[in-house]
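A.B. asks: I have a structure here, written as structure tokens, and I will follow up with some questions on it.
The values are calculated or read from the model by the stated rules, or taken from the named source; none is laboratory data. Predicted model, so just to flag it, every value in this text is computed and none were measured. The protein model used for the area step is the full one, side chains on, heavy atoms only, and it has no ligands, DNA or RNA in it. Shrake-Rupley method; radii C 1.70, N 1.55, O 1.52, S 1.80 Å.
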Amino acid sequence: MLKQGVELLLYLAFTFTTGSAHWDVLVRARAIENLSYVLAACQTGIHANLRKTFGHSMIVNPWGEVQVCLPDNPGVIVSEIHLEFLRKIREDFPALSHRRKI
């Protein structure tokens, strides 16, 4: 995705079981491994079919830091996206120079 210039990724809902076990760590990992901002939108509550969803919508920066999180209630989250921060991390991250050219 770096080669394509992606700077922002969007991930959507997990159920309660998988969300409580994996949501935070996987969202943060996707931000780190792609050196991209991640917007993770996740439904919350118990739905008409009795399916329970986890919530915890969040915005994570390319270093894997959660900038803002909406735990388990409906709402909206907002955070600034700093493209100069993203570009600096991509420029300085040593692993990127180890990529194999195909």
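A.B. asks: Test of understanding: in a Gaussian network model of the chain with alpha carbons linked when under 10 Å, which of 35, 12, 50 would top the mean-square fluctuation ranking?
C.D. replies: Looking only at 35, 12, 50, the largest GNM fluctuation is found for 50.
A.B. asks: Using a Gaussian network model of the chain whose springs link C-alpha atoms within less than 10 Å, name the residue from 19, 55, 75 with the highest mean-square fluctuation.
C.D. replies: 75
A.B. asks: Right, another one. Please find, in a Gaussian network model of the chain (springs between Cα atoms separated by less than 10 Å), the residue of 53, 18, 44 whose mean-square fluctuation is greatest.
C.D. replies: In this elastic network of the chain, the residue with the biggest mean-square fluctuation among 53, 18, 44 is 18.
A.B. asks: Residue by residue, what Karplus-based ³J(HN,Hα) values in Hz, rounded to whole numbers, does the range 22-30 have, using 6.51, -1.76 and 1.60 with θ = phi - 60° and x for Gly and Pro?
C.D. replies: 10, 3, 4, 5, 6, 4, 5, 5, 4
A.B. asks: Can you list residues whose amide H is under 5 Å from residue 43's amide H, if they're 5+ apart or on another chain and H is modeled 1.01 Å from N?
C.D. replies: So residue 43 has HN proximity to 13, 14, 55.
A.B. asks: Okay, next question. For the chain, what is the percent of antiparallel DSSP beta bridges, rounded to the nearest 5? Intermediate values should be presented prior to the final figure.
C.D. replies: Details: 11 of 16 bridges.
Close to 70 percent.
A.B. asks: If 42, 69 are ordered by their accessible area, calculated over protein heavy atoms with a 1.4 Å probe, which sequence runs from highest to lowest?
C.D. replies: The residues order as 69, 42, largest area first.
A.B. asks: State the percent of C-alpha pairs, over all pairs in the chain, separated by a distance greater than 21 angstrom.
C.D. replies: Counting pairs separated by more than 21 Å, the tail of P(r) holds 38 percent.
A.B. asks: Could you rank 1, 58 by how accessible they are, 1.4 Å probe, largest area first?
C.D. replies: Most to least solvent-accessible, the answer reads 1, 58.
A.B. asks: Extension gain residue 33-residue 98, at 0.36 nm per residue separation less the Cα-Cα distance, in nm?
C.D. replies: Full extension from residue 33 to residue 98 adds 22.0 nm.
A.B. asks: Same structure again: Calculated from DSSP H runs of 4 or more alone, at -39500 (n - 2.57) each and per residue, what is the 222 nm mean residue ellipticity of the chain, nearest 500? Intermediate values should be presented prior to the final figure.
C.D. replies: Working: 2 runs with 29 residues, N = 102.
So the helix-based figure for the chain works out to -9000 deg cm²/dmol.
A.B. asks: Spelling out what I want: for every residue of the range 33-41, take phi, set θ = phi - 60°, compute 6.51 cos²θ - 1.76 cosθ + 1.60 (Karplus), and round to whole Hz; glycine and proline get x.
C.D. replies: Going residue by residue, I get 5, 9, 6, 9, 6, 10, 9, 10, 9 Hz, with x marking Gly and Pro.
A.B. asks: Compute the angle between helix 83-92 and the longest alpha-carbon principal axis of the chain, please, reported from 0 to 90 degrees and rounded to the nearest 10.
C.D. replies: Relative to the chain, helix 83-92 is tipped by roughly 50 degrees.
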